[in-house]
1. Which residue, of ARG91, ARG30, is basic (Lys, Arg) and not in a loop (DSSP other than H, G, I, E, B)?
2. Which of the numbered conditions does VAL116 fail, given that it passes all the others? Conditions: (1) of a type in the set (A, V, I, L, M); (2) outside any strand (DSSP E or B); (3) at pLDDT 95 or above.
3. I need the full set of residues from the range 88-103 which are in contact with a Pro (Cβ under 9 Å, 6 or more places away or on another chain) and at negative phi, in order please.
4. For residues in the range 67-78 being open to solvent by 50 Å² or more (accessible area, probe 1.4 Å) and outside any strand (DSSP E or B), which is modelled with the highest pLDDT?
5. Looking at LEU48, LEU37 in this structure, which one is open to solvent by 20 Å² or more (accessible area, probe 1.4 Å), in contact with a Ser or Thr (Cβ under 6 Å, 6 or more places away or on another chain) and at pLDDT 90 or above?
6. List pairs: first residue in the range 32-44 and under 11 Å from VAL124 (Cβ atoms), second residue open to solvent by 70 Å² or more (accessible area, probe 1.4 Å) anywhere in the structure, Cβ distance under 7 angstrom, at least six positions apart or on different chains.
7. Just checking, which of ALA131, ALA156 is assigned to a loop (DSSP other than H, G, I, E, B) and free of Cβ contacts under 8 Å to residues at least 24 places away in the same chain?
Amino acid sequence: MATDPRDPLLAALSRDGAASSDFDLNPDFRLPEGRKLRPAGVLAAFVLQDGVAHVILTKRSSALKHHPGQIAFPGGKQDAGDADVTAAALREAHEEVGLDPAQVEVLGTLPTHETVTSFLVTPVLARVHGAFTPRPEPGEVAEVFTVPLAHVTDPARFSVQSRRWRGMRRSYYTVPYGPYYIWGATARILRGLADRMMA
């Protein structure tokens, strides 16, 4: 029997939550005053595969300027022609992975997430209706894949790791899945969703 992920997701969206950042696990780091953040939207879109909810993720091209080779949600910065960050997320998902906006049921948005690259990202939760055949955008997306929603919303699957960044040690969340090393902003956003779904 198919499980519709909308009910727990809608419940998660209804819960209060704070904005997050790539520096959440680094309390000694001070973000610069007066910094300018660029608005962006990412689409956390869920598809049913054999009755099980999966989230669509991408492996970014190694040729990209920002976050090359990393695992990410489809999405990107808000352009002048976008009505808002939700429109940006839908447009970018169409461009990056071939997801038709007409197939997408937007459920709501999570609190914003600030990245080390000075983007203020709004995660847009959505459900995909009908069959979805990924079409990766050459030059931007190396691979499109899905991960079970239950995997990336289980706090026990997350760990905290660290590495040197700009002369200091920076800690971050990871939630690996098979050959995919999901970390950084994507893992932090998923951890926020996991915490809301467990509340």
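1. Details: ARG30 fails: not in a loop (DSSP other than H, G, I, E, B).
Being basic (Lys, Arg) and not in a loop (DSSP other than H, G, I, E, B) holds for just one of ARG91, ARG30, which is ARG91.
2. Of (1) of a type in the set (A, V, I, L, M); (2) outside any strand (DSSP E or B); (3) at pLDDT 95 or above, only one is false for VAL116: (3).
3. Answer for the range 88-103, where residues must be in contact with a Pro (Cβ under 9 Å, 6 or more places away or on another chain) and at negative phi: ALA88, ALA89, LEU90, ARG91, GLU92, ALA93, HIS94, GLU95, GLU96, VAL97, LEU99.
4. Checking each candidate, the answer is GLN78.
5. After applying the criteria, what remains is LEU37.
6. Taking only residues 6 or more apart or on different chains, the pairs are ALA40/LYS77.
7. On inspection, the qualifying residue turns out to be ALA131.
Residue-wise test of (1) touching a Lys or Arg at 6+ places or on another chain (Cβ under 7 Å); (2) crowded, with 19+ Cβ neighbours inside 10 Å.
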site: LEU99; (1), (2): no, yes
site: THR115; (1), (2): no, yes
site: PHE119; (1), (2): yes, yes
site: ARG135; (1), (2): no, no
site: GLY139; (1), (2): no, no
site: TYR181; (1), (2): no, no
site: ALA194; (1), (2): no, yes
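The values are calculated or read from the model by the stated rules, or taken from the named source; none is laboratory data. The shown structure was predicted, so the numbers you read here are calculated from the model rather than taken from an experiment. We place every Cβ from the backbone using ideal geometry, glycine too, and count neighbours over all the protein chains shown. Each accessible area value is taken on the protein alone, full model and side chains, heavy atoms only, with ligands, DNA and RNA left out. Shrake-Rupley method; radii C 1.70, N 1.55, O 1.52, S 1.80 Å.
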